[in-house]
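Just so it is clear, none of the values below were taken in a lab; they were calculated from the coordinates. Here the structure is a predicted model, which means the values were calculated and not measured. No Cβ is skipped: glycine too gets one built from the backbone with ideal geometry, and neighbour counts run over all protein chains shown.
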Amino acid sequence: MIECKGITKIYKNNFTDNEGKSIETRALWNVSFSIRDGEFIAIVGPSGSGKSTLMHILGALDTPTSGKYLLDGHDVSKLNEDQLADIRRSKIGFVFQAFNLLPRASVLRNVSLPLVYAEIDIGERKKLVEKVLREAGMDKSHFHHLSNQLSGGQMQRVAIARALVNNPSLILADEPTGNLDSKTGEIILETFKKLNNEGRTIVLITHEKYIAEHADRIITIKDGEITEDVVVSKSKSLKEIKE
């Protein structure tokens, strides 16, 4: 599904050094890996490691300075803005730490927005929205609540449902438990496992190793480079993972 070949991302700043040369920030350097359809991958690293930059590239929100990013065999850097928007709409679902919900819109309205933009008729929208809300574990009694009336865990479930509503093959989750307490975070991670077991490809971005251990494979990134790519041992208990 995904193939990264020598991905490098360099940002040019508005500052210069003593010789008058533009100062550059190297966010990623020669990053190469592949992800098969149906995998559950965690990309883990400290703040500033380059993991969020990598997620933006995987989500077709940014392009590398050099190297290739292939999604389903297509070189993303060669696509125009309309084609990129179509990929983001049809192939990729995004889940963010801050939820990014409309605070004074209902749960149903928040989840249906991608379908409105896709010009899906009202009757079909209602069926799809209720289906994905159930998949995300949202109780029907909350469907008409405003998002600012929900708990953090409920808001993240709504965000997951919104990510699912266009039936994407890839879900990118950026620190999805970062604003949640430990117990609620565990419930959200179990939701991702369930979605993965149903065939979704999940890429989870985190700075916490024990969160990453919920995935089947962990890619560790530091200073813009991959330092480790390992399959997770499922023989460990959660207590052992946290220790």
If you take the Cα atoms of the chain, find Rg, then find the Kirkwood Rh from the mean of 1/r over all pairs, what is Rg/Rh? 0.99
What distance in nm lies between label points placed 7 Å from Cα along the C-beta direction at ASN148 and ASP75? 4.8 nm
Considering only Cα-Cα distances, which of the following residue pairs are longer than 20 Å: LYS193/LYS222; LYS91/LYS209; LYS68/LYS194; LYS126/LYS183; LYS91/LYS131; LYS21/LYS222? LYS193/LYS222; LYS91/LYS209; LYS68/LYS194; LYS126/LYS183; LYS21/LYS222
Farthest towards the positive end of the dipole of the chain, among VAL129, ASN196, ASN179 and with Cβ unit charges of +1 on Lys and Arg and -1 on Asp and Glu, lies the Cα of VAL129
Arrange THR220, THR206 by Cβ neighbour counts within 10 Å, fewest through most, would you? THR220, THR206
Using every pair of alpha-carbon atoms in the range 1-123, split the distances into 10 Å bins beginning at 0 and state the percent of pairs per bin, rounded to integers. 10, 33, 31, 19, 6, 1, 0
Quote the FRET efficiency, to the nearest 0.05, computed for TYR11 versus THR227 with a Förster distance R0 of 30 Å and r equal to the Cβ-Cβ distance. 0.90
Just to be sure I understand: with springs between alpha-carbon atoms less than 10 Å apart, which residue in LEU71, LEU150, LEU58 has the highest mean-square fluctuation in the Gaussian network model of the chain? LEU150
Computed magnitude of the charge dipole of the range 1-146 (debye, nearest 20; Cβ of K, R +1, Cβ of D, E -1): 320 debye
